[in-house]
Each structure stands twice: as structure tokens, then as C-alpha cells.
1. Give the residues of the range 31-53 that are in a loop (DSSP other than H, G, I, E, B) and either loosely packed, with under 13 Cβ neighbours inside 10 Å or out of contact with any Asp or Glu (no Cβ under 7 Å at 6 or more places or on another chain) (or both), sorted by residue number.
2. Restricting to the range 67-104, and then to whatever is more than 17 Å from residue 44 (Cα to Cα) and out of contact with any helix residue (DSSP H, G or I) (no Cβ under 9 Å at 6 or more places or on another chain), can you tell me which residue is most open to solvent (accessible area, probe 1.4 Å)?
3. Could you check how many residues of the range 54-66 are open to solvent by less than 50 Å² (accessible area, probe 1.4 Å) and more than 22 Å from the chain's Cα centre (by Cα)?
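The values are calculated or read from the model by the stated rules, or taken from the named source; none is laboratory data. Source: prediction; values computed, not measured. Cβ atoms come from the backbone with ideal geometry, glycine included; neighbour counts cover every protein chain shown. Areas reflect the complete protein model, heavy atoms only, side chains present, ligands, DNA and RNA absent. Shrake-Rupley method; radii C 1.70, N 1.55, O 1.52, S 1.80 Å.
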Amino acid sequence: MADHSRRDFMRNSLLGLAALPLGAGILSKSAFAQDLPRLDPSAEQAQALNYVENASEASDHPAYEEGERCDNCMFFQADSQGCQLFPQNSVEPAGWCQSWTAQA
């Protein structure tokens with residue numbers, strides 16, 4: 001019986017050690033998300049989607065409708081102020097781009 005307990009202990013220890021890199025990867029990814037640089041409206045990708053940091057500046061764009069903002073778009077990630085369309089950057093919550101889509 002002692003051998004069985006020792007075997008269980010070793011198996012569980014190895015499983016725990018194997019999971020450590022996965023946990024560390026998740027933690028570092030979350031930490032990285034908090035440090036995304038703000039998207040520059042003059043960047044090529046931002047201009048391609050007509051991104052502005054203040055949604056009211058887009059009022060003359062044909063796709064814009066009153067009340068549309070990054071922070072109520074389905075692509076916005078509140079925890080990091082990131083956007084799925086600009087994965088390397090954070091965006092202004094009060095901003096807007098022509099790909100705005102209502103949250104489901």
C-alpha cells in the first residue's frame with residue numbers, strides 16, 4: 001500500500017510540474033496585456049479603418065452612428081483596453097473605427 005501512495009504522489013508531482021509552464025504563460029500573457037502601447041491614429045492600420053480617439057470626430061463618416069464607441073464594440077477588451085482588430089495596441093475607450101460592431 002505504501003508503494004501505491006508513493007506512486008500516486010510521484011505521478012501527481014510530475015503532473016503539477018508539467019503544468020507550471022502553462023500557468024506561467026497565462027500569467028505573463030495577462031501581465032503583457034496590461035502594457036499594450038496606445039494605438040497611434042496616424043498609424044497605417046489605424047488609418048485603414050478610420051480610427052479616431054474621440055468618436056465624435058467620426059461624425060462625418062458614413063458608417064458612424066451616434067453612441068458607437070470602442071468600449072461598446074464587440075472587439076473591445078475591457079481588461080487591457082485592447083482591440084481584437086489591433087492586437088499589438090490598446091485603444092481609447094471613447095474612440096471609434098469603421099469596423100465598430102455592437103456587442104452581442
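1. Of everything in the range 31-53, those that are in a loop (DSSP other than H, G, I, E, B) and either loosely packed, with under 13 Cβ neighbours inside 10 Å or out of contact with any Asp or Glu (no Cβ under 7 Å at 6 or more places or on another chain) (or both) turn out to be 34, 35, 36, 37, 39, 40, 42, 43, 49, 50, 51.
2. Step by step, filter the range 67-104, then rank; the result is 104.
3. So the count comes out to 4.
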